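Before any comments, here is the structure.
Quick note: the coordinates plus some simple rules give every number you see, no bench work behind them. Remember, it's a predicted structure, so these values are computed and weren't measured experimentally. Reconstructed Cβ throughout: ideal geometry from the backbone, glycine too, with neighbour counts over all protein chains shown.
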Amino acid sequence: MKFRIAVWASAGVVVAVFWAIYFAMASKDVPIQPIIRTIASISCPLSLVGDYFHFGVKLSWVIVTNAAFYALFGLFAETLRRQLNHAK
């Protein structure tokens, strides 16, 4: 189970790095589409904090918090999966 949670945390790091690269390479002349902003906010929850309080967040903090968020989500998902498989 530890390995699965580590995989979830790694997925969080990959998602955060992907969005960092995407937004760094996005054209500053073209506004970001609302659907892209929504998907980024859902998959990287620290961006909601930055948007709400109107301040930038360092990439290192985004990566760490996203890994922690995904690890907690993975812990919940794996515990639920284990209990559902045990019930069968």
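Charge tally for residue 1 (other residues, Cβ to Cβ under 10 Å; Lys, Arg +1; Asp, Glu -1): +3. Calculate I(q)/I(0) for the range 1-69 by the Debye formula, one identical point scatterer on each C-alpha and no solvent, and give its log10 at q = 0.15 Å⁻¹ to two decimals. Cα-only, vacuum Debye calculation for the range 1-69: -0.50.
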